[in-house]
1. On a full-extension model of 0.36 nm per residue, what is the gain between Asp230 and Asp114, subtracting their alpha-carbon distance, rounded to one decimal in nm?
2. How far is it, in nm, from the label point at Ala221 to the one at Thr159 when both lie 7 Å from their Cα along the line to the Cβ?
3. Set Lys and Arg Cβ to +1 and Asp and Glu Cβ to -1, take the dipole of the range 76-225 about its Cα centre, and tell me which of Ile203, Gly101, Ile126 lies farthest positive.
4. For Glu123 and Thr189, compute 0.36 nm times the residue count separating them, minus their Cα-Cα distance, and round to one decimal in nm.
5. Kirkwood hydrodynamic radius, the range 151-200, all distinct C-alpha pairs: what's the number in Å?
6. Considering the range 76-225, what Rg and Dmax in Å follow from its alpha-carbon atoms?
7. May I ask you to derive the relative contact order of the range 76-225, considering only C-alpha pairs under 8 Å and at least 6 residues apart, and to give it as an integer percent?
8. Let's see if you can work this out: charge +1 on each Lys and Arg Cβ, -1 on each Asp and Glu Cβ, no other charges. What is the dipole magnitude of the range 92-231 about its Cα centre, in debye to the nearest 20?
Amino acid sequence: MNTRADKKQENKSKSGQSGSLQKKKSGDVAFRMADNRPEILAQRKLQAMANNSPQAKIATQLKAVSSGDVDGVVQRQIDIHYFGHQEDDGRASHVEATVSGATLEAGANNPSEDPVGWGELAENFIMDDVFRMHLWNGRLGGPGDKAWNLTPGLRDVNTSMADEEVNAQAEVNDGNMVDLWTDVAYGYTIDDEDPRYYYPNHISFNWRSQTDEGDHVDEGAWQSIVPLPDEADMDWDPNNPNDMGLDETNAW
């Protein structure tokens, strides 16, 4: 019987077919790699510029911070689809982001950087009850080592904002995509020699959630004035922005 010989010939035939396919695929790859049409080259150049942009590099860093990868085991992960931020003379002013996934563990991305002007405030105010507040919540991927995401605020204000952030976290954990944005106003003084220049007088936080298909699910909003911390040597009310320490004869 020639069964073994037939099988050997059959395997050889299959092997030959596989080799032809592999050569064809390799040829296709080589052809694609050699595609140097002007429009393709321009597209590659634009992609390379985008990959090397500061925002892309920061996004990669934030992705690493948000991955929750400890000893090779991914515990929780926030996917950052988009983020942007603005500063007002270096002070954290506006942050927006779109995230999904699963909220990070409590304490994730705790502040390790000081907001701009923190030192000036510490020299003039009692800072025992002042927190470095995230504009973009740490458990939702907001960095704690970027000054553009941190602003000073009293404990009560921070706690109040956190109560609304919990709702956004719940939407992420329910499998929805969440857009969030925070705005900070600095209205105590326009004098950058005054330490109050670095302290916000108002913060607002908003979020809205949607399914992967883009269907609206829920939304929330929070805002608060931000009282100044106490300072023993002041002869004006630190929580009244209209009281500039002027006596009645000089008041306007």
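Values quoted throughout were computed directly from the atomic coordinates according to the rules given, and no laboratory measurement underlies them. The structure displayed is predicted, hence computed values, not measured ones. Neighbour counts run over all protein chains shown; Cβ positions are idealised from the backbone, glycine included.
1. On the way: separation 116, 0.36 × 116 = 41.76 nm, distance 1.95 nm.
Working it through step by step, the gained length comes to 39.8 nm.
2. A separation of 2.6 nm, rounded to one decimal place.
3. Of Ile203, Gly101, Ile126, it is Gly101.
4. Values: separation 66, 0.36 × 66 = 23.76 nm, distance 1.73 nm.
The Glu123-Thr189 span can extend by a further 22.0 nm.
5. Working: mean 1/r = 0.0760 Å⁻¹.
Result for the range 151-200, one decimal place: 13.2 Å.
6. Final numbers for Rg and Dmax: 15.4, 51 Å.
7. On the way: 342 pairs, mean separation 34.9, N = 150.
About 23 percent, as a whole number.
8. Details: 6 positive and 28 negative charges, 30 e Å.
The dipole of the range 92-231 has a size of about 140 debye.
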